[in-house]
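First up is the structure itself, then whatever we jot down about it.
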Amino acid sequence: MTSLKVLFIGGTGIISSACGARAVESGVDLTILNRGSTSIRSVPEGAEVIQGDIRDPESARAALGDREFDVVVDFVAFTPDHVRTDVELFTGRTGQYVFISSASAYQTPPARLPIVESTPLRNPHWEYSRNKIACENLLVEAYRDNGFPATIVRPSHTYDRTAIPLTGNWTDLDRMRRGLPVVVHGDGTSLWALTHHVDFAKAFVGLLGQPAAVGDSFHITSDESLTWNQIYTAMGTALGVEANLVHVASDTIVAAEPSLEGALLGDKAHSVIFDNSKVKALVPDYVATIPFSAGAREIVEWYDAHPERRQVDDDLNATFDKLIAAAGQ
């Protein structure tokens, strides 16, 4: 049986690194196109790596030549211009083009739960999400009008050992270790879905080369639902401390630090529960098996082994201090 020939554009990100490893393990003939810049994540052994810049179409064409692929996946397309370039470059050269969108593109806040793939797409708070929606619209039109073989995949909050899923990132963990309180948005009881990148890759690779996935959209998440109180507490437990949580309204946090509007009001402030039955219908053995309690330990172990990555944001720290003082803590 001939191996599936797959091209990954980008291959050393949180999501793509796990998907590349899973693809190679599954017998995929994987080629990775990237700029060759250094990364904290390596490409999987067994994958072919070619150097080219997808943001420079001539560079990409020179790197790819006249090669064709069963599947092309672009992990680094964020704007309609990026997608237009891909459509032009890969029309007639692939049987499936996979675009990585975002679950933050779904209606925010959601009118009803669980979220399914037919949930409307609308996010007034985050330009990142609106750009992903515009990319999706372009691909739907390209498929409908010209048969361009697009598949849309919407990850939710997917993490690896390098990605701290808290508002303050390492700043929050540093505060916990120093016995300082940390700010949690809202009352901490809204539900969230955190998906380990290794789990995500199980479902994702199962969609590659599937004719039934062409022209359709899928989200891929864990089925574990956690409150933000539980998430912060799990990180404290992994650190070996008891997290002291101070609850502050999301609007108040954003008023103090406007750069957090997209991540909070456009995403994390609202409860999400995802129905994964659609992707499981095509990848019936998919099940997420890594609980966040285990993922939290991985994160702490990695940062403890890489002190150069433990960056405290002094400005954000000062903002947290002011918010906590205003809350009477």
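Only helices enter this figure: runs of n ≥ 4 DSSP H residues, each worth -39500 (n - 2.57), summed and divided by the residues of the chain, yield -11500 deg cm²/dmol at 222 nm to the nearest 500. In order along the range 203-211, the phi-based Karplus estimate (6.51 cos²θ - 1.76 cosθ + 1.60, θ = phi - 60°) of 3J(HN,Hα) comes to 6, 4, 5, x, 7, 5, x, 8, x Hz; Gly and Pro are listed as x. The C-alpha atoms of the chain define a longest principal axis, and helix 14-25 lies at about 50 degrees to it.
Within the listed set GLU224, GLU261, GLU45, the residue fluctuating most in the Gaussian network model of the chain (springs between alpha-carbon atoms under 10 angstrom) is GLU45.
The length gained on full extension between GLU127 and VAL241, counted as 0.36 nm times the residue separation minus their Cα-Cα distance, comes to 37.4 nm. Legend: ranking of residues CYS19, CYS135 from fewest to most surrounding C-beta atoms inside 10 Å; resulting order CYS135, CYS19. In the chain, taking the dipole from charged Cβ atoms about the Cα centre, the farthest positive-side position among GLN311, ALA62, SER16 is held by SER16.
The residue list ALA150, TRP192, GLY92 was ranked by how far each Cα lies along the charge dipole of the range 76-210 toward its positive end, using unit charges on Cβ atoms, and TRP192 comes out on top.
By the count of neighbouring beta-carbon atoms within 10 Å, fewest first, HIS306, HIS219 end up ordered HIS306, HIS219. Just to be sure I understand the curve: with the Debye formula and one point per C-alpha of the range 31-70, what is log10 I(q)/I(0) at q = 0.27 Å⁻¹? Result of the Debye calculation: -1.00. Footprinting exposure proxy ranking of GLU48, GLU136, fewest other C-beta atoms within 10 angstrom first, gives GLU48, GLU136. With the simple model of a label 7 Å out from the Cα in the direction of the Cβ, GLN311 to GLN210 spans 3.7 nm.
Cross-link partners for LYS132 among the lysines, with Cα-Cα distance under 18 Å and sequence neighbours closer than 8 places in the same chain left out: LYS268. Using the Cβ atoms and a cut-off under 13 Å, what net charge is assigned to the surroundings of PRO181, where Lys and Arg are +1 and Asp and Glu are -1? With Lys, Arg at +1 and Asp, Glu at -1, the neighbours total 0.
Counting charges near LYS278 (Lys, Arg +1; Asp, Glu -1) among other residues having Cβ under 10 Å from its Cβ returns a value of -2.
Between ASP53 and THR79, the contour length at 0.36 nm per residue exceeds the Cα-Cα span by 7.8 nm.
Kirkwood radius, the range 211-315, all distinct C-alpha pairs, inverse of mean reciprocal distance: 17.0 Å. Put simply, the amide H of THR195, placed in the peptide plane, has neighbours under 5 Å in HIS157, THR158, TYR159, SER222, leaving out anything fewer than 5 places away on its chain.
Both the radius of gyration and Dmax for the chain are 20.3, 66 Å, in that order, over alpha-carbon atoms.
Is any residue of the range 128-166 close enough, with backbone N under 18 Å, to a label point placed 7 angstrom from the Cα of THR91 along the Cα-Cβ axis, and if so, which? Flagged as within label range: 135-151. Bridgeable lysines around LYS278 (alpha carbons under 16 Å apart, same-chain partners fewer than 8 residues away excluded): LYS202.
No lab work stands behind these numbers, since they all come straight from the coordinates. Bear in mind the structure is a predicted one, so any value in this text is a computation, not a measurement. Ideal geometry is used to build each Cβ from the backbone, glycine not excepted, and the neighbour counts take in all protein chains shown.
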